[in-house]
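Visitor: Quick one: the structure is below, and I'll ask about it shortly.
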Amino acid sequence: MPRYLLAVTFEDGAGMPPMTEWTPEEVQAHLDYYTALNAELTASGELVGGLALTGPDLAVIVTSDGKTAPVRTDGPFAEVKEWIAGFQIVDVESEERAIEIAGKVSAVPGPGGVPTRQPIHVRRVMDVAPGDSDEMDSYVRTGEGPNLRG
């Protein structure tokens, strides 16, 4: 079965205030929703794994030319909304099922129990990266190739 990455970003889909402005009860409801959804996906055998990540203000960007010591740039960074807040990897029958689960993730409650409508990025996971230029060309053009699961 194909695997998909469901990436949660800091981008706000419904004009929600930052979580630092939520009540403790609203934060708990948010976390409880994820706990219940992850339990459901674990029980169905679809959840491979997932983690929350630290915020962009604690992130580090590293660049290197391969010859000298890596260069470290500390956050915060300009486009915070584009940073991944967390992710889940699901092993499902189809892209449609991954999108259905992503819809549930997007509906996680925010202040007042209102769904956050956070955009969830859905990306297919490759078992092995393309090994040559022909495989890479096929993957870039079609998203398919000999190294994709499914």
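Visitor: Would you kindly identify the strands (runs of 3 or more DSSP E) lying entirely within segment 19-133 that contain at least 1 residues that are in contact with a strand residue (DSSP E or B) (Cβ under 8 Å, 6 or more places away or on another chain) and farther than 17 Å from LEU5 by Cβ?
Guide: On the way: elements: 47-52, 60-63, 71-74, 84-91, 120-124.
Those strands (runs of 3 or more DSSP E) span 60-63, 71-74.
Visitor: Test ILE84 against the stated conditions and say whether it is open to solvent by 50 Å² or more (accessible area, probe 1.4 Å), modelled with pLDDT of 90 or more and among the β-branched types (Val, Ile, Thr).
Guide: Working: open to solvent by 50 Å² or more (accessible area, probe 1.4 Å): yes; modelled with pLDDT of 90 or more: no; among the β-branched types (Val, Ile, Thr): yes.
When the stated conditions are applied, ILE84 does not pass them.
Visitor: Let me ask another. Please specify each residue of segment 22-49 satisfying the condition of being under 18 Å from ALA85 (Cα atoms), without any contact (Cβ under 8 Å) to a residue 40 or more places away in the chain and out of contact with any helix residue (DSSP H, G or I) (no Cβ under 7 Å at 6 or more places or on another chain).
Guide: GLN28, LEU31, ASP32, THR35
Visitor: Let me confirm something: among PRO111, PRO76, which residue is modelled with pLDDT of 90 or more and closer than 28 Å to THR54 by Cα?
Guide: Working: PRO76 fails: modelled with pLDDT of 90 or more.
Just a single option satisfies the conditions, and that option is PRO111.
Visitor: Going by the structure shown, is ALA129 within 29 Å of PRO18 (Cα to Cα) and at pLDDT below 85? Can you show your working first?
Guide: Details: within 29 Å of PRO18 (Cα to Cα): no; at pLDDT below 85: yes.
Here the answer is no, as ALA129 does not meet what is asked.
The values are calculated or read from the model by the stated rules, or taken from the named source; none is laboratory data. Being a predicted model, the structure only gives us computed values, none of them experimental. Counting neighbours? That spans all protein chains shown, and the Cβs are built from the backbone with ideal geometry, glycine included. Heads up: the accessible areas ignore ligands, DNA and RNA and are worked out on the full protein's heavy atoms, side chains in. Shrake-Rupley method; radii C 1.70, N 1.55, O 1.52, S 1.80 Å.
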